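Notes to accompany the following structure.
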Amino acid sequence: MKQYIDRNDKKAFFEYFSESKITVDEATSKNLIFFGAPGTGKSFTIKEQTEGEDVIRTTFHPDSDYSTFVGSYKPTTREVPMRDVTGKVIVENGDPVTENRIIYEFVSQAFLQAYVGAWQKYAQANGGKPQKQYLVIEEINRGNCAQIFGDLFQLLDRSTQGFSEYPIKADADLKKHLKKLLNGLTIENPEAINALYKGEDVVGKVLNGEELLLPNNLYIWATMNTSDQSLFPIDSAFKRRWDWQYVPIANAGKGWKIQVYGKDYDWWDFLEKVNALIGDTTNSEDKKLGYFFCKPTDCIITAETFVSKVIFYLWNDVFKDFEFDGDAFIDEDNQTKLTFDKFYRADVTGKPAVRENKVDLFLRNLGVAFSDEDEENIDFENNQDIDDGGLENEGVNTNPAGGRDHSRYSINGQGSFNKRRLALECVKIYSSNHSELTAKEIVDVFLGLNLMLSGFIELRDEHLARAANVNDPQFERRYYELTLPNDEIIFINNQFTVERINDFIEKVNAQNWGIHIEKL
């Protein structure tokens, strides 16, 4: 007599599966959509949570359909023996002559690859807990889900045990393909699964390709950027078959800066200010910007990147329907509006160039804070302003005029760096120009300058050893980490007083390195 249990009876199910030595992970959602504003790190969240697992990833778009998601017959080439008119294989020098012939065969796409992979992992588990198989769908709402999933829609309805509630029949082509892919697999103790379906031999039908059934080790996770435009609506029947996880806008603490017009603005402070404006103007959370909305280089978001990514989005997708009202969009004359075209000008060659003064104006209109105003002049060792009488050794005021020093410096006529970052940029240039040198050789070169700042540059192992032996919560903030062209890592101290930076500039400029520093 076939045994079966009520698939909705959790207690009976777990008792039965415990006896059958098959475990179930109830804690993780099988069908899960991560949603939120653009740049909140939805894909990154999935990447972190699936690290070390088998992941098959696809992206939906308006042209996606069932065949591009599941699979279909496609023309492919196969190497076959060449035959003469009589059908005899042609042989030259004892070897048969071959040719590439176009044939049609069923080609699996992301869904079938994950589906077959999940059942293969079930067979490999030998009655134990199978390895997880993930199918990740990026931008799920940019495709027509009803068209893409087709009859697979029914499989998304999972039981509390993680299997599809209702298996579906495979058409003739799919059945033939699945039978070939699943041929030879053996699921130990299939009765544990069959019991969920009143003892019907669903496992046998699955392995024979007759029916499709999502196993409980197949996780279908997706991302949804809720602010995207021109998207396909997702109906309520589809939505209720998924669990939903909101990814909020949060400070990732990367210390990113917007570098514009000789200033470093704090990226997170900008996000807080502009998101507050977006909320007040549009009454929408979907249009706000997440921390990872654009990618910096070495923690710096350039004016060009800021305009092409952020300003373009704000002007074209967020505020264009609200007539750019408010002080944030007022131009320098306090009368006209700061339109998108004002962020660009033509350079001497006629090519477009960013007007950094307009970017600076917009950030000032928002009231965005400077990123390093409170950090660049602090001696973390003594917890006081280093340019206001707080030198760690000398105890003298190197800024007689009083107040903090906000001087900026250029290297070879390029850039605008504060004194904390200037040395890092010089080491970057030197290491790039001498990529053949090892980390130790570069460290030795700069230590040979005999700078006033002891421990200015360190090898990775030396730095980590010191970090492990000091009781200083600010220790890591006093150093920049730099990856050299040969992938070795060194650390550079950023605790420069005015006196120390002047010493550094004088000694670097005296070298024949092709590096010349000037105060702006």
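The values are calculated or read from the model by the stated rules, or taken from the named source; none is laboratory data. What you see is a predicted model, and the numbers here were worked out from it, not measured in a lab. No Cβ is skipped: glycine too gets one built from the backbone with ideal geometry, and neighbour counts run over all protein chains shown.
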For this session: Out of Lys254, Lys263, report the one residue that is touching a residue at least 12 places away in the same chain (Cβ under 8 Å) and under 17 Å from Gly39 (Cβ atoms).
Result: Lys254
Exercise. Can you spot a residue in the range 465-472 that is in contact with a Ser or Thr (Cβ under 8 Å, 6 or more places away or on another chain) and in a helix (DSSP H, G or I)?
Worked result: no
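Rundown of residues vs (1) farther than 23 Å from Ala439 by Cβ; (2) surrounded by 14 or more Cβ atoms within 10 Å (Cβ to Cβ); (3) touching a Leu at 6+ places or on another chain (Cβ under 6 Å), yes/no style:
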residue	(1), (2), (3)
Asp472	yes, no, no
Asn486	no, no, no
Ile489	no, yes, no
Ile492	no, yes, yes
Glu499	yes, yes, no
Ile505	yes, yes, no
Asn512	no, no, no
Glu518	yes, no, no
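Here is a yes/no grid of residues against (1) modelled with pLDDT under 90; (2) polar (S, T, N, Q); (3) more than 33 Å from the chain's Cα centre (by Cα):
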site	(1), (2), (3)
Asn397	yes, yes, yes
Gly403	yes, no, yes
Ser416	yes, yes, no
Leu422	yes, no, no
Exercise. Of all residues in the range 54-72, which are farther than 21 Å from Gln133 by Cα, of a type in the set (D, E, K, R) and in contact with a helix residue (DSSP H, G or I) (Cβ under 9 Å, 6 or more places away or on another chain)?
Worked result: Asp65
For this session: Output the residues belonging to the range 192-230 that are part of a loop (DSSP other than H, G, I, E, B), over 26 Å from Tyr73 (Cβ atoms) and in contact with a strand residue (DSSP E or B) (Cβ under 7 Å, 6 or more places away or on another chain).
Result: Asn217, Thr226
Exercise. Would you say Ser431 is touching a residue at least 12 places away in the same chain (Cβ under 8 Å), of a type outside the set (D, E, K, R) and assigned to a helix (DSSP H, G or I)?
Worked result: yes
Exercise. Does Thr68 fit the bill of being closer than 25 Å to Arg142 by Cα, of a type in the set (Ser, Thr, Tyr) and in a strand (DSSP E or B)?
Worked result: no
Exercise. In this structure, does Val310 turn out to be under 23 Å from Thr40 (Cα atoms), without any contact (Cβ under 8 Å) to a residue 40 or more places away in the chain, hydrophobic (A, V, I, L, M, F, W, C) and not assigned by TED's automatic domain parsing to the domain that holds Gly36?
Worked result: yes
For this session: Being of a type in the set (A, V, I, L, M) and in contact with a His (Cβ under 9 Å, 6 or more places away or on another chain) is the filter here, so list the residues in the range 430-477 that pass it.
Result: Ile442, Val445
Exercise. Residues in the range 221-240: is at least one in the same structural domain as Leu156 (by TED's automatic domain parsing), over 30 Å from Ser284 (Cβ atoms) and not polar (S, T, N, Q)?
Worked result: no
Exercise. Given the structure, is Gly71 under 15 Å from the mean Cα position of the chain (by Cα) and surrounded by 11 or more Cβ atoms within 10 Å (Cβ to Cβ)?
Worked result: no
Problem set entry | Single match in Phe111, Phe17, Phe13 (criterion: at pLDDT below 90, in contact with a Leu (Cβ under 8 Å, 6 or more places away or on another chain) and part of a helix (DSSP H, G or I)) | Phe13
Exercise. Inside the range 132-186, can you point out the residues that are in a helix (DSSP H, G or I), in contact with a strand residue (DSSP E or B) (Cβ under 7 Å, 6 or more places away or on another chain) and either exposed (fewer than 14 other Cβ atoms within 10 Å of the Cβ) or at pLDDT 90 or above (or both)?
Worked result: Ile140, Asp151, Gln154, Leu155, Leu156, Asp173, His177
For this session: Give me the pairs, please: first residue somewhere in the range 342-361 and closer than 10 Å to Tyr261 by Cα and touching a residue at least 40 places away in the same chain (Cβ under 8 Å), second residue anywhere and in a helix (DSSP H, G or I) and hydrophobic (A, V, I, L, M, F, W, C), beta-carbon distance under 7 Å, and either six or more positions apart or on two chains.
Result: Glu356/Ala303; Val359/Ala303; Val359/Phe306; Val359/Val307; Val359/Phe343
Problem set entry | Residue check, Asn189 within 25 Å of Thr58 (Cα to Cα), part of a loop (DSSP other than H, G, I, E, B), in the same structural domain as Cys145 (by TED's automatic domain parsing) and touching a Gly at 6+ places or on another chain (Cβ under 6 Å) | no
Seminar exercise, completed: Checked pairs for the range 41-67, first under 15 Å from Cys145 (Cβ atoms), second in a loop (DSSP other than H, G, I, E, B), C-beta under 7 Å and 6 or more apart or across chains, list as Thr59/Glu139; Phe60/Glu139; Phe60/Gly143; His61/Gly143; Pro62/Gly143; Ser64/Gly143
Problem set entry | Test for Ser431: is it at pLDDT 85 or above and surrounded by 18 or more Cβ atoms within 10 Å (Cβ to Cβ) | yes
For this session: Report yes if Asn383 is buried (at least 21 other Cβ atoms within 10 Å of the Cβ) and modelled with pLDDT under 80, otherwise no.
Result: no
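Going by what's in this entry, would Thr76 be described as surrounded by fewer than 15 Cβ atoms within 10 Å (Cβ to Cβ), in a strand (DSSP E or B) and at pLDDT below 90? Talk me through it step by step, then tell me what you get.
Details: surrounded by fewer than 15 Cβ atoms within 10 Å (Cβ to Cβ): yes; in a strand (DSSP E or B): yes; at pLDDT below 90: yes.
Yes; evaluated as a whole, the condition is true for this residue.
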